[in-house]
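Here's the structure we're looking at; comments come further down.
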Amino acid sequence: MTVQFSVLVGGLHVPLHECDWIRRAPCGCATAICSARIAGAVLATEDDAWHEFYEDAGTKRHREAAIRAAKKAGFTVEMNTVHNAVTALMTPCTHGKAAPAQPDPTDPFNEDQP
Ligand SMILES: [Zn+2]
């Protein structure tokens, strides 16, 4: 038996292997994408995606803090087709000061964060 996961995107069922997670800044622009399937694992939930995006944030405590900070700052994650995710990531942000400040406020090692 073969099990195939699909995702409802814009009313259409899209196979999971054709989907990516998108992390969006508070202005709505994409700041990162990751595959919904990595090394045989399925990133099926938003929580899975958050943890993948902040996998390199250090210890588990740092990672959880980075995720909380990102959510508090207004970052979001969503699943979409690979095509839409890549297109979103390649689209430059034109929101000026509404764009994420540099350095990244979600960086747990950034001592300037509130
Ligand atoms: Zn933007």
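No value in this document is a laboratory result; all are computed from the given coordinates. Quick caveat, the model's predicted, so the values are computed rather than measured. Please note: Cβ atoms are built from the backbone with ideal geometry, for glycine as well, and neighbour counts cover all protein chains shown.
Could you work out how much longer the chain between Thr91 and Arg68 gets when fully extended? Use 0.36 nm per residue separation minus the Cα distance between them, nm to one decimal.
5.7 nm
Less than 20 Å from a label point 7 Å out along the Cα-to-Cβ axis of Val82: which backbone N atoms in the range 15-34 qualify, by residue?
Residues 15-23, 30-34 fall inside that zone.
Considering Cα pairs under 8 angstrom that are at least six residues apart, work out the relative contact order of the range 6-93 and quote it in whole percent.
38 percent.
Suppose we look only past 23 Å in the calculated P(r) of the range 6-93. What percent of the Cα-Cα pairs does that tail hold?
21 percent
For a footprinting-style exposure proxy, rank Leu43, Leu8 by other Cβ within 10 Å, fewest first.
Leu8, Leu43
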